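What follows is a set of notes on a single structure, which appears directly below.
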Amino acid sequence: MTCIYVLTRIKACIDVCNMGKENTTKNTALFVIIAFILGVIIGYAVHDNISPISQFEVGENILHNSGFEDGSNNKPYYWFQAIVPVDNLTMSWDNEIIYNGSRSISINNTHTYNETVCNNWAQTTEKIPIGHTLELSGWIKTIDTESVVMVIQCWDNVYNMVGFGTTQTATEINGTNDWQMYNASVYVPNDTSNIVVRLTLTGTGQVWFDDVKLIVK
């Protein structure tokens, strides 16, 4: 049943994205892809292994390893990859180009996909601050990127998205830029049971992320 449900949701999101190509809401179509395809597939994979807890403090950063300092086997702890694998795509735990500390994470892609693809590093939180606003912040460096976003997704217990926040609300991140801080926020609805943060490269280019935090307001 789970596989059938996921395939149904993927079909629905592709239909919506194709509809978006017929008008000027290109960004909406893009984030439908992030929210549904990657969210549903990865959400199913990680949700059953995490028991959400309600204990939190205002001002707390509820992401683990948000500076990417700890890890092994070229991967930072607590972060997972949601990707469409190709030879020219590299997801790295970087120790050379950093904003702070000794590590960052990066995505480098030179492959041109036939459709919109949003490769990303992601983390599912343990804590679900119902009724609070979450502010996502992070430092980003880019080289020749098509589009970079940080997003927050709130899901209910049947995998409907009930809240969504993105850095794209405030600014487009593309091209080549030195380290800059970007922000996004979302209100956590009562029916939220799963919160996912995604650090995304759409299309080609190279991006680094560092000191990414999700703060309870």
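The values are calculated or read from the model by the stated rules, or taken from the named source; none is laboratory data. Just so we're clear, the structure is a prediction, and the values are computed from it rather than from any experiment. As a convention, Cβ positions derive from the backbone with ideal geometry for all residues, glycine included, and neighbour counts pool all protein chains shown. These accessible areas exclude ligands, DNA and RNA; they are computed on the full protein's heavy atoms, side chains included. Shrake-Rupley method; radii C 1.70, N 1.55, O 1.52, S 1.80 Å.
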| Just checking, how many residues over the range 94-104 are over 16 Å from the mean Cα position of the chain (by Cα) and not in a loop (DSSP other than H, G, I, E, B)? | 1
| query | Considering only strands (runs of 3 or more DSSP E) fully contained in the range 105-217, which possess at least 2 residues that are under 23 Å from residue 90 (Cα atoms) and open to solvent by less than 10 Å² (accessible area, probe 1.4 Å)? | reply | 118-124, 133-155, 194-202, 205-216
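Condition check ((1) farther than 11 Å from residue 201 by Cα; (2) out of contact with any helix residue (DSSP H, G or I) (no Cβ under 6 Å at 6 or more places or on another chain); (3) at pLDDT below 95) across all residues:
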{"position": "134", "(1), (2), (3)": "yes, yes, no"}
{"position": "139", "(1), (2), (3)": "yes, yes, no"}
{"position": "146", "(1), (2), (3)": "no, yes, no"}
{"position": "153", "(1), (2), (3)": "yes, no, no"}
{"position": "157", "(1), (2), (3)": "yes, yes, yes"}
{"position": "161", "(1), (2), (3)": "yes, no, no"}
{"position": "165", "(1), (2), (3)": "yes, yes, no"}
{"position": "169", "(1), (2), (3)": "yes, yes, yes"}
| request: Being touching a Phe, Trp or Tyr at 6+ places or on another chain (Cβ under 9 Å) and of a type in the set (S, T, N, Q) is the filter; apply it to the range 103-126 and report the residue that is farthest from residue 207 (Cα to Cα). | output: 124
| said: Give me the residue from the range 107-144 that is among the polar types (S, T, N, Q) and under 13 Å from the mean Cα position of the chain (by Cα) and, out of that set, nearest to residue 180 (Cα to Cα). | reply: 137
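A quick yes/no check of all residues on (1) in contact (Cβ under 8 Å) with a residue 60 or more places away in the chain; (2) on the phi > 0 side of the Ramachandran plot:
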| site | (1), (2) |
| --- | --- |
| 126 | yes, no |
| 131 | no, yes |
| 136 | yes, no |
| 143 | yes, no |
| 149 | yes, no |
| 167 | no, no |
| 174 | no, no |
| remark: Note on the range 70-91: residues farther than 11 Å from residue 119 by Cβ, open to solvent by less than 60 Å² (accessible area, probe 1.4 Å) and either acidic (Asp, Glu) or in a loop (DSSP other than H, G, I, E, B) (or both) are 79
